[in-house]
Structures are given as structure tokens and as C-alpha cells.
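Asks: Before I ask anything, let me first share the structure, which is written out below as C-alpha cells.
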């Protein structure tokens, strides 16, 4: 059952980046939100302020996607909206990113929780590597790990590496049909559907 009246519904958090996409400021209530079960201490104000935004995005495709959205707002000032997902193991969290230029030249990036939906089956993930397309990765402890799945950074769907059908599935549905370990080891990217999502086109000044 989908609900809009959850504990974190309508939560909005913002950070501001400068012309080099360095994080310069966060909301006054940022750290309080970081202490909730929905966030990680890795993203506390003291950790992220003064650091490049790209440091907190785990793959090159998503880094370029986010940088392009921010740059489009700089080139022709406008507010850009992008829905995405930020799930927990047992909850689908439907979010919205709002990117807004400000008079001092900074860009405000807000993240708003719109609604939640329970997972049909709890699914946990572990990010194994930042980049690399190979199935076989050497972990920090020296072990060899076989990576079989790519997870979309925006919609959170999964794709099996080497699957020629190119099907991307919801994680809870995927888990129902696959014999997999928990947490699932994944690398991140952006699926074709999310790459094609309509976005502001500065050259035409319309949504393309």
C-alpha cells in the first residue's frame, strides 16, 4: 500500500554548491536528519562541506548526469526537477531533486521525499567498486568478488551484467526470481530509461 503520511514524508534537505561544484553550505537541520535511520553519518555536514559533490557519487555515469543537470541551470537560470529513488532495504522511497540557481552564483540542490511504498521483499545492497565494468573485482581485503548486477542510481532497478535482453527490474521483484546472496554486491550506473528522462535543454529553452 502506498502512503503519503509516513514519518519522513515531505522531508526536504538542501545543500549549496559553488561554481566548481564544491559543497559550501547545508540546511541548518541537516545533521539532525543525518542521525535518523534513513541517512548515513558519512553525509554529515562536517564531512561533506568543502568537498566536491562528485566525491559522494559512486560512478562516472551518474557524476556526469548530475553535473550536466547543474550546469544546465547555470547556463540558463531556471529550476530543474528530477524524480529519483533512494530506497532502504524494506522501503521504496520516491524522491525529487530540485536544482535552483541563487543570486550569489551558488546552486541550491534540494532533495524532497514525496512518498514511500513497502518492498514486497526486503533487499540489501553493497557497493563493491566505483568504476570498472569487469565482473571480477579485487576487494580491499584481497578477495576476488564476482559482480553480476548493475544498479541504476536514479530508479534503483537492477540489471544482470551480460543479460542481452537488457531488462531492468525492481529489486524486490528481481529477488523473488533470483537465487542471490544478501546483501547483493552491485556496481552503479544509469539505466537507459533514466538517461532518456526529459530534461531542460539550454539551446532550445524548452523541456526536451
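Asks: Within 10 Å of each residue's Cβ, count the other Cβ atoms and sort 68, 62, 88 from fewest upward.
Replies: Starting with the residue having the fewest Cβ neighbours, the order is 68, 88, 62.
Asks: Going highest first, how would you order 106-117, 15-26 by mean Cβ packing within 10 Å?
Replies: The packing order, highest mean first, is 106-117, 15-26.
Asks: Within a 10 angstrom radius of the beta carbon, how do 185, 196, 51, 121 rank from fewest other beta carbons to most?
Replies: Neighbour counts put them in this order, fewest first: 196, 51, 121, 185.
Asks: On to the next question. Kindly put 125, 81 in sequence by how many other C-beta atoms sit within 10 Å of each C-beta, fewest to most.
Replies: Taking fewest neighbouring Cβ atoms as first place, the list is 81, 125.
Asks: Still on this structure, please answer the following. Based on the Cβ-Cβ distance of residue 196 and residue 71, what FRET efficiency does E = 1/(1 + (r/R0)^6) give at R0 = 22 Å, to the nearest 0.05?
Replies: Details: r = 19 Å, r/R0 = 0.85.
My answer for the efficiency is 0.70.
Asks: Next up: Which percent of Cα-Cα pairs in region 12-118 sits in each 5 Å bin, short to long?
Replies: Taking all Cα pairs of region 12-118, the binned fractions are 2, 12, 20, 26, 23, 12, 4, 1, 0 percent.
Asks: Could you give the nm distance between label points at residue 51 and residue 91, where each point is 7 Å from its Cα heading toward the beta carbon?
Replies: Using points 7 Å along Cα→Cβ, the separation is 2.4 nm.
Asks: If I model a spin label as a point 7 Å beyond the Cα along the Cα-Cβ vector, how far apart are those points for residue 19 and residue 102 in nm?
Replies: According to this spin-label approximation, the distance is 1.7 nm.
Since every read-out is calculated from the coordinates, none of them should be taken as a lab result. This one's a predicted model, so the numbers in the text were calculated from it and none came from an experiment. A quick note on method: Cβ atoms are made from the backbone with ideal geometry, for glycine too, and the neighbour counts reach across all protein chains shown.
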